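Shown next, in structure tokens, is the structure this report addresses.
The values are calculated or read from the model by the stated rules, or taken from the named source; none is laboratory data. Given the structure is predicted, the values throughout are model-derived calculations rather than measurements. Counting neighbours? That spans all protein chains shown, and the Cβs are built from the backbone with ideal geometry, glycine included. Remember, those area values only see protein heavy atoms, side chains included, never the ligands or the DNA or RNA. Shrake-Rupley method; radii C 1.70, N 1.55, O 1.52, S 1.80 Å.
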Amino acid sequence: MKLLAIAGSLRENSYNRQLAEAAGAVMREKHPDVEFEILDWDDVPFMNQDAEHPAPEAVTRARAAVCEADGLWLFSPEYNHAIPGPLKNLLDWLSRPVSATEAQVLGGKPVALAGASIGMSGAAHAQDQLVSMLSFLDAHVMNKPRLTIPHIGTQADEQGRLELAASAPYLEAQADAFVRFVEREIA
């Protein structure tokens with residue numbers, strides 16, 4: 001099984017990127033047969049139909065990574081109670097048909113949602129928007145368990161490095177559930 005993680009923040013040491021890295025560590029420990037990769041997508045341009053065909057190289061690379069994955073695990077912060085603009089832009093690119101004969105790449109793809117925020121929502125508002133958007137695009141969203149971590153700064157050291165304490169068991173539980181979910185979806 002191959003899982004692709006997408007961190008919704010482009011900041012190099014974002015909490016959500018670090019949360020994705022922690023998920024990768026959980027996978028290596030508990031599910032060593034699962035291949036886990038984090039998508040590098042900071043070079044994806046703004047969606048523009050004038051540049052859609054042929055797609056920019058960064059978009060082609062992101063689509064290929066999504067196609068090759070058996071499941072997607074999104075780790076998204078929340079900006080002003082909403083999906084971060086860059087993540088929305090990436091999903092807009094992924095939602096477009098690849099060509100006249102190839103559909104968009106999110107249809108039928110199993111997806112898990114996790115997120116951390118410095119505020120009290122734990123990115124729950126962004127996740128609700130992601131469920132709506134991904135469901136419209138015919139992705140198969142694992143609604144339970146979702147992982148929302150509020151006040152993420154309380155689980156980081158003075159340098160901003162994530163040190164999951166209280167949330168670690170919930171990340172592990174979501175990892176286990178997502179592996180089972182993807183197994184059912186691809187069976």
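How much FRET efficiency would the formula 1/(1 + (r/R0)^6) give for ALA103 and GLN159, where r is the Cβ-Cβ distance and R0 is 41 Å, rounded to 0.05? E(calc), rounded to 0.05, equals 0.40. Applying the criteria of a DSSP loop state and at most 11 other Cβ atoms within 10 Å to the chymotrypsin sites (Phe, Trp or Tyr not before Pro) of the range 75-134 yields no site. Accessible surface area normalised per residue over the chain is 49 Å², counting heavy atoms of protein chains with a 1.4 Å rolling probe. Solvent-accessible surface (1.4 Å probe) assigned to THR60 amounts to roughly 70 Å².
Cβ-Cβ distance of PHE136 and GLU52, R₀ of 25 Å, FRET efficiency by 1/(1 + (r/R0)^6): the value works out to about 0.80. 3J(HN,Hα) along the range 67-74: 4, 6, 7, 7, x, 10, 10, 8 Hz, from the Karplus curve 6.51 cos²θ - 1.76 cosθ + 1.60 with θ = phi - 60°, whole Hz, x for Gly and Pro.
Rolling a 1.4 Å probe across all protein chains gives GLU52 an accessible area of roughly 10 Å². Ordered by solvent-accessible area of protein heavy atoms (1.4 Å probe), largest first, the residues ARG161, ARG146 come out as ARG161, ARG146. In summary, the aspartates and glutamates within cross-link reach of LYS109, defined as a Cα separation below 20 angstrom excluding same-chain residues under 8 places away, comprise ASP33, GLU35, GLU37, ASP40, GLU68, ASP70, ASP92, ASP128, ASP138, ASP176, GLU183, GLU185. Counting only alpha carbon atoms, the long axis of helix 85-95 and the longest principal axis of the chain meet at about 40°.
Beta bridges assigned by DSSP with both partners in the range 2-186 are antiparallel in approximately 10 percent of cases.
For ALA116, nonlocal amide neighbours, meaning residues 5 or more places apart or on other chains whose placed amide H falls under 5 Å from its own, are SER76, ILE149. For the chain, the Kirkwood hydrodynamic radius from C-alpha pairs, put into Stokes-Einstein at 10 °C and a viscosity of 1.306 mPa s, yields a diffusion coefficient of 96 µm² per second. Ordered from highest to lowest accessible area with the whole protein assembly present and a 1.4 Å probe, ARG180, ARG17, ARG63 read as ARG180, ARG17, ARG63.
Once both axes come from the Cα atoms, what is the angle between helix 124-136 and the longest principal axis of the chain, in degrees from 0 to 90, rounded to 10? Once rounded, the angle reads 30 degrees.
Axis angle, to the nearest 10 degrees, between helix 15-30 and the longest C-alpha principal axis of the chain: 80 degrees.
Take ASP50, ASP43, ASP33, ASP70 and sort them by solvent-accessible surface of the protein heavy atoms, 1.4 Å probe, largest at the top.
ASP50, ASP33, ASP43, ASP70
The GluC sites (Glu not before Pro) of the range 120-187 meeting both criteria, a DSSP state outside H, G, I, E and B (loop) and at most 12 other C-beta atoms within 10 angstrom of the site's C-beta, are GLU158, GLU163. Listed by chain and number, the lysines whose alpha-carbon sits under 17 Å from that of LYS30, ignoring those within fewer than 8 places in the same chain, are LYS2. Measuring nothing but protein heavy atoms, the accessible surface of the range 2-186 at 1.4 Å probe radius is 51 percent carbon and sulfur.
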